[in-house]
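Quick notes on the structure that follows.
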Amino acid sequence: MKKSLGLCCALFLIAISGEANAQQARIVKFEDLAKMMSRQNDTTYIFNFFATWCEPCVEEFPSFQRFSSCYAQEKMRLIFVSLDFKKDFSKRLLPFLQKHHVKNEVVLLDEPDYNSWIDRVDSGWDGNLPATLVINNGTHIHQMFAKDFTYASLEAAMKPIFDRFFFYKQ
C-alpha cells in the first residue's frame, strides 16, 4: 500500500512538473531582455518575437520548437519573446504555451511603447511580427530576420550563421 501511494505521488509530481514546464513564462521589462541579449559567452541565442494574436507567428511556432529540440545538445538556446499584452498573460499566453507543450524559456515583454525599444533590439527592424534575432556575443553574431519561417527555411537561414563558428547537423 505504501509503495502504491508513493508511486502515485511520484507520478503526480512528474505530471505536475511537466505541466508547469509546459506553461512556464515570466513578465519582463526591456532592461531584463537587454541583459539576456548581452550575455557574454559562447552560446548562440535565438530570440523569437511573437504574439498569440499573430497568425504567422502561431504557424511558425512548431518549427522553432522542432529546431530547438533537434539542436538541444548544441550551445544554442531558443527564447520565445511574447509581445502579447500583459493583461492577456494568464488568459491567453499561458494556455497557448500549455497547448503547444512549450519547454523553452518564454518571456512576455511588458513594454507597450514599442518605439522606445525596437531600435535597441535591431536598428533595421521595423517591429513587424514574427521576427527572430540570432545573437552570439562571443563570436559577434547579431542577425535579425523579420519574416516567418517553416522548419526548412529556418534551418536554411541558420546554416550559414552556424557554419561560421560551431555546428550544423546535416
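The values are calculated or read from the model by the stated rules, or taken from the named source; none is laboratory data. Keep in mind it's a predicted model, so treat the numbers as computed, not measured. For neighbour counting, all protein chains shown are included, and Cβ atoms are generated from backbone atoms with ideal geometry for every residue, glycine included. Surface areas here come from the heavy atoms of the whole protein model, side chains and all, with no ligands, DNA or RNA. Shrake-Rupley method; radii C 1.70, N 1.55, O 1.52, S 1.80 Å.
Here are the numbers for this structure:
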read-out: Extended-chain gain in nm, criterion 0.36 nm per residue less alpha-carbon gap, A152 and N137; value: 2.8 nm
read-out: Cα→Cβ-extended label distance, 7 Å offset, between D163 and K29, nm; value: 4.3 nm
read-out: Paramagnetic label zone (point 7 Å from Cα along Cα-to-C-beta, F89; backbone N under 20 Å) in the range 31-51; value: 31-37, 48-51
read-out: Dipole magnitude of the range 92-170 about its Cα centre (Cβ charges: Lys, Arg +1; Asp, Glu -1), debye to nearest 20; value: 440 debye
read-out: Under 5 Å, built H, 5+ apart or other chain: amide partners of L129; value: none
read-out: Dimensionless Rg ratio for the range 21-170, taking C-alpha atoms and the 2.2 N^0.38 Å reference; value: 0.98
read-out: Karplus-derived 3J(HN,Hα), 6.51/-1.76/1.60, for each residue of the range 117-127, Hz, glycine and proline x; value: 9, 4, 5, 6, 6, 6, 5, x, 8, 8, x
read-out: Modelled FRET efficiency - R0 30 Å, D42 with H101, Cβ distances, 0.05 increments; value: 0.55
read-out: Within the accessible area of the range 37-170 (1.4 Å probe), percent carbon and sulfur; value: 48 percent
read-out: ³J(HN,Hα) computed for each position of the range 72-89 - Karplus, 6.51 cos²θ - 1.76 cosθ + 1.60, integer Hz, glycine/proline x; value: 4, 7, 8, 7, 9, 10, 9, 10, 8, 10, 7, 10, 5, 6, 4, 5, 9, 4
read-out: Model label zone, E55; criterion: amide N under 11 Å from point 7 Å along Cα-to-beta-carbon; scope the range 76-99; value: none
